[in-house]
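Please read the structure below before turning to the comments.
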Amino acid sequence: MQLSDFDYHLPDELIAQHPPEHRGASRLLHVDGMALADLSFGAVLERLQPGDVMVFNDTRVIKARLFGEKASGGKVEALIERVLDEHTVWAHVRASKSPKPGSTITFAGRWQAEMVERDDALFKLRFLDAENVFDILEASGKLPLPPYIERDTDSDDDSRYQTVYARERGAVAAPTAGLHFTEAMLDALRAKGVILAYVTLHVGAGTFQPVRVENIAEHKMHSEIYEIPPATVDAIAAAHAAGRKVLAVGTTSMRALESAAQGGELVAGRGETDIFITPGYRFRVVDRLLTNFHLPKSTLLMLVSAFAGVEPIRNAYRHAVEHRYRFFSYGDAMLLEKQAD
């Protein structure tokens, strides 16, 4: 398929610049083939049965944006892509002249980092202070909002651009389908007998990388680290054995699960994935997908088109634009049923 097959017109005013006033106060578009239903987000609960499994991504967004200067005085902005160990990271670096290996950058007027090496668009930085890099980011970093949110980060974002179940530090962007859930809704799901399971996939900045080739088969996906606990594998196996459904909360949960099942069976453990899911892909694990609306021509729009069907997704997006749904990270949600194989 071609990149142009995944384009659509989106008025700028439908791109949500702020979260809804209350977490969970969003709309939900249920997509089952060409059938659509306009609902409130809380209706997710009504569409689940006891014994169904919901899989959440428990990654935690780090304050990954740092500002500093080179020894020459030149300004530097770094966006941490991946934390490698207590003192070393891969980062995107913006500067008038790119720092050279061996040069030092001072961040926030206090943290020293050496530029070790460069690999294409990424720079390896080693922080020279005794503090753990996560502590440095927490003390001096800024939350990296997506590029389509055209405002500075504020204190509200520190909590609202984070899921209520976020645990494992390492993401540069939030798994946004999870932003709708409150503790009360999680409790209601448990009370109904829905099994809540977790994976970890640390979302990288590459999730916003545009596709620059018309033939989508030529696109190279960014790589992300994921981990699947044994308890999640067991819960999914039990659900399928009992004829229950598995619902992935977000495309990141979906990508982690499908990556861990590339051998045919879902296996627990830690891995790295650059899986690129496009129409024609055969899904092995997930029966239903809860997700937000995605950018035109994006790899995530291709993923949901593979899952729910190209024409059903085109129909759903036309409907969402006409009915003034809110789009992207702070926007409304969709509940997608998998198209028949």
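Please determine, by comparing only the residues of the range 51-69 that are of a type outside the set (Phe, Trp, Tyr) and surrounded by fewer than 22 Cβ atoms within 10 Å (Cβ to Cβ), which one is farthest from Tyr161 (Cα to Cα). Even if it seems obvious, please write down each step before you answer.
As a first pass, look at the range 51-69 and keep what is of a type outside the set (Phe, Trp, Tyr): 51-55, 57-66, 68-69.
Among the residues that remain, those that are also surrounded by fewer than 22 Cβ atoms within 10 Å (Cβ to Cβ) are: 51-52, 58, 60, 62-63, 65, 69.
Details: Gly51: 30, Asp52: 27, Asp58: 13, Arg60: 10, Ile62: 10, Lys63: 11, Arg65: 14, Glu69: 28 Å.
Filtering the range 51-69 for residues that are of a type outside the set (Phe, Trp, Tyr) and surrounded by fewer than 22 Cβ atoms within 10 Å (Cβ to Cβ), the one farthest from Tyr161 (Cα to Cα) comes out as Gly51.
Considering Arg284, Arg326, Arg318, which residue is surrounded by 18 or more Cβ atoms within 10 Å (Cβ to Cβ) and charged (D, E, K, R)? Lay out the reasoning, then the answer.
Working: Arg284 fails: surrounded by 18 or more Cβ atoms within 10 Å (Cβ to Cβ); Arg318 fails: surrounded by 18 or more Cβ atoms within 10 Å (Cβ to Cβ).
Checking each option against the conditions leaves just Arg326.
Just one of Ala130, Ala184, Ala174 is assigned by TED's automatic domain parsing to the domain that holds Ser329 and surrounded by fewer than 16 Cβ atoms within 10 Å (Cβ to Cβ); which is it? Explain how you work it out, then say what you get.
Values: Ala130 fails: assigned by TED's automatic domain parsing to the domain that holds Ser329; Ala174 fails: surrounded by fewer than 16 Cβ atoms within 10 Å (Cβ to Cβ).
Sole residue among the options that is assigned by TED's automatic domain parsing to the domain that holds Ser329 and surrounded by fewer than 16 Cβ atoms within 10 Å (Cβ to Cβ): Ala184.
Residues in the range 102-141 that are among the aliphatic types (A, V, I, L, M) and at positive phi: how many?
Going through the range 102-141 one residue at a time, the tally reaches 1.
The values are calculated or read from the model by the stated rules, or taken from the named source; none is laboratory data. Treat the numbers as computed from the prediction; the structure is a model and nothing was measured. Positions of Cβ are generated from backbone atoms using ideal geometry, with glycine treated the same way; all protein chains shown enter the neighbour counts.
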